[in-house]
Structures are given as C-alpha cells and as structure tokens.
Amino acid sequence: MVVAEKVHKSFGRLEVLRGIDLEVRRGEVMCVIGPSGSGKSTFLRCVNHLEKVTSGRLWVNGQLMGYRQKGGKLYELRDTQVAAQRRGIGMVFQNFNLFPHMSVLGNVMEAPVQVKGEKKNEVRENALHLLERVGLADKAASYPRQLSGGQQQRVAIARALAMRPDLMLFDEPTSALDPELVGEVLDVMKDLAEEGMTMIVVTHEMGFAREVGDSLVFMDGGVVVESGAPRDVLGSPRHERTQAFLSKVL
Ligand code: ADP
Ligand code: MG
C-alpha cells in the first residue's frame, strides 16, 4: 500500500529526511516513534504529497505520488491530479482541525459533498453511520467547541473516513488530549485496524504500538534507525539511540 524509496526532504539547507526506505502492506498498521524534530510529521506530509520530496519516490496504492512516469521519465502532476491522488488518503492531526463553524455532521459531510460531489442524502446516511462507529451518533448536531478533545478527535477520524480512504495517516492523534481521553480515541483506531484499514500512526503510545502495530519504526535525525515487530523493537532494541529514546519514554 505504501512504498518509500530513498526519500529525502530538505527545507533550504536543512535536510530533514535523509533517505527513508519503508513499506506498509495493505491492512497493516505501522507505528512510528522518535524524538521531536526527527522528521516524523514531515514524512507523513510527504506520503500524501503535502510536502514534495526533494528526491526519492513514494508510492501509495500503486500510484507514484505527485508524478506520472512515462518512458522512464517523470512528469509532475497538476494540482487537480495530486488532489485526486490525495483523496484516497485520510489524515488526522494532533489538533483535530475541525471546521469550527460547522456542526459535527457538517464536518463529516463536507468533503464528500464538496470534493467528490456525492449526493447529499447518501453522504448524510454514511456520515451518520460513521458517527455511530466512533460513538458519537448523539452529537451530530453539536458544534466542535461543545465537544471534549477526545470527541473532537473522533469526529476528525469520522471525517477522514467519509472519503473512503485506502490509507489513514495519524500524526500524534492523542498528544493534545487530557490523559483520561486518550483511550477513547485509541479504541476507535484499534477498531479501524481490526477492520483492516492500512494505517501509519505517529505516536508516543507504546501500549498501542505494541498491541495494534504490525510494525514499529524508530526514526531519529531523518533516518529509520531501527524497525521491526513492535515487541522486538520495544523489548530488545538493537541500537543505542533506540535504547536511549525508549529509556526516556517507557
Ligand atoms: P517531528 O514530527 O518528528 O517532530 P518534523 O517533521 O515536524 O519532526 O520536523 C523535522 C524538522 O524539520 C524540524 O527541525 C523542523 O523545524 C523542520 N521543519 C518542518 N517543517 C518545516 C518547514 N515547512 N520549513 C522549515 N523547516 C521545517
Ligand atoms: Mg511531528
């Protein structure tokens, strides 16, 4: 579902990603951990082409993100074509990023109606079903400000799912939540994983990584220092940098 090949990303002289190679198979959950500033968010943003890679390639669901290959040459896609690629990828951010002036239902309906031009009745039905799935059927008419952080994040997940993505990207989805609200969001993510969604999850929740992750990647300084089965990486890290990081967070 996702293949990253020698992905480099620089901002001016700052090289943030320094050759990332990794693969996520369909239906798998890959968790990504690493210190602040190691390039985790930048990598996620490259996956859905919110950032252009400086070099290297990223395929999602068999499509080369941002480019078309023809006769061994690469041609940059136009914005509308990139937007079409991006539609298959849902993203959930640390700070929910809900539309404050729209109801919960409105938030979940917005993209399928505006971007995909789907029929409102069908979109509404699906949106209500998704809200039920994240345990918020009774909040459809509420506004984001009336919800707790955990509820807002569950709406954000429902909103991303409304586009029927093949891949979901989560960037520290529980980092902005009060501790007692973390579990309800992780439970929704766990359900999603069990239903077979392919997911890349940047997180500090080692319990989630261990229990739900099929693989775990430790990033530091813009490279993948170590990756493998979560229990191996967490239980017997091979690299000193991984050990040092885990000793601080576990
Ligand atoms: P992480 O998510 O692991 O904390 P980030 O990917 O957010 O790390 O950032 C990695 C580095 O890239 C940081 O030094 C950050 O300041 C820098 N960076 C991220 N985005 C930009 C940008 N748009 N312009 C310049 N520097 C950036
Ligand atoms: Mg980040």
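General observations
- 3J(HN,Hα) from dihedral phi, the range 64-80, Karplus parametrisation 6.51/-1.76/1.60, rounded to Hz, x for glycine, proline: 6, 5, x, 9, 10, 9, 8, x, x, 10, 10, 10, 5, 6, 6, 3, 5
- Subset of K9/K120; K6/K119; K52/K248; K73/K119; K70/K116 violating a 30 Å alpha-carbon distance limit: K9/K120; K6/K119; K52/K248; K73/K119
- Relative contact order for the chain: 26 percent, from Cα pairs under 8 Å spaced at least 6 residues apart, divided by residue count.
- Size descriptors for the range 193-250: radius of gyration and Dmax over Cα atoms are 11.4, 36 Å.
- Average silhouette area of the chain, convex hull of alpha-carbon atoms, in square nanometres: 14.2 nm²
- The radius of gyration of the Cα set in the range 1-142, together with its Dmax, comes out at 17.8, 54 angstrom.
- Computed from phi, the 3J(HN,Hα) profile of the range 5-10 under the Karplus parametrisation 6.51, -1.76, 1.60 (θ = phi - 60°) reads 10, 6, 7, 10, 9, 10 Hz, with x in place of Gly and Pro.
- Only Lys, Arg, Asp and Glu carry charge here, each on its Cβ (+1 for the first two, -1 for the last two); on that basis the range 31-93 has a dipole of about 180 debye about its Cα centre.
- Rg [Å, one decimal], Dmax [Å, integer] - the range 134-250, C-alpha atoms: 15.8, 51
- Amide proton proximity set for V224, modelled H, under 5 Å, gap of 5+: D21
- Normalised by the number of residues in the range 150-250, the average gap of Cα pairs under 8 Å and 6 or more apart makes the relative contact order 21 percent.
- Sequence-distant contacts, meaning Cα pairs under 8 Å at least 6 residues apart, place the relative contact order of the range 1-85 at 30 percent.
- Averaging Cα coordinates gives a centre for the range 48-96 and one for the range 143-159; these two points are 28 Å apart.
- Between amide H atoms placed 1.01 Å from N, distances below 5 Å from E28 occur with M199, all of them 5 or more places distant or on a separate chain.
- Phi-derived couplings, Karplus 6.51 cos²θ - 1.76 cosθ + 1.60 at θ = phi - 60°, listed residue by residue for the range 186-199: 4, 4, 5, 5, 5, 4, 4, 5, 5, 7, x, 5, 7, 9 Hz, with x used for Gly and Pro.
- The spread of Cα positions in the range 75-157, taken along each principal axis and listed from longest to shortest, comes to 46, 30, 23 Å.
- Calculated log₁₀ intensity ratio I(q)/I(0) where the Debye formula runs over C-alpha points of the range 5-50, q = 0.15, 0.18, 0.21, 0.26 Å⁻¹: -0.41, -0.59, -0.79, -1.14
- The calculated 222 nm mean residue ellipticity attributable to helices in the chain amounts to -11000 deg cm²/dmol, summing -39500 (n - 2.57) over DSSP H runs of n ≥ 4 and dividing by all residues.
- Ligands, DNA and RNA left out, the accessible area of the chain computed with a 1.4 Å probe is 44% carbon and sulfur.
- Diffusion constant of the range 133-186 at 25 °C, which comes from Stokes-Einstein with the Kirkwood Cα-pair radius and 0.890 mPa s, µm²/s: 208 µm²/s
- For the chain, DSSP calls about 60 percent of its internal beta bridges antiparallel.
The values are calculated or read from the model by the stated rules, or taken from the named source; none is laboratory data. Keep in mind that what you see is a predicted model, and the values were worked out from it rather than measured. For neighbour counting, all protein chains shown are included, and Cβ atoms are generated from backbone atoms with ideal geometry for every residue, glycine included. Calculation scope for accessible area: heavy atoms of the full protein, side chains included, ligands and nucleic acids excluded. Shrake-Rupley method; radii C 1.70, N 1.55, O 1.52, S 1.80 Å.
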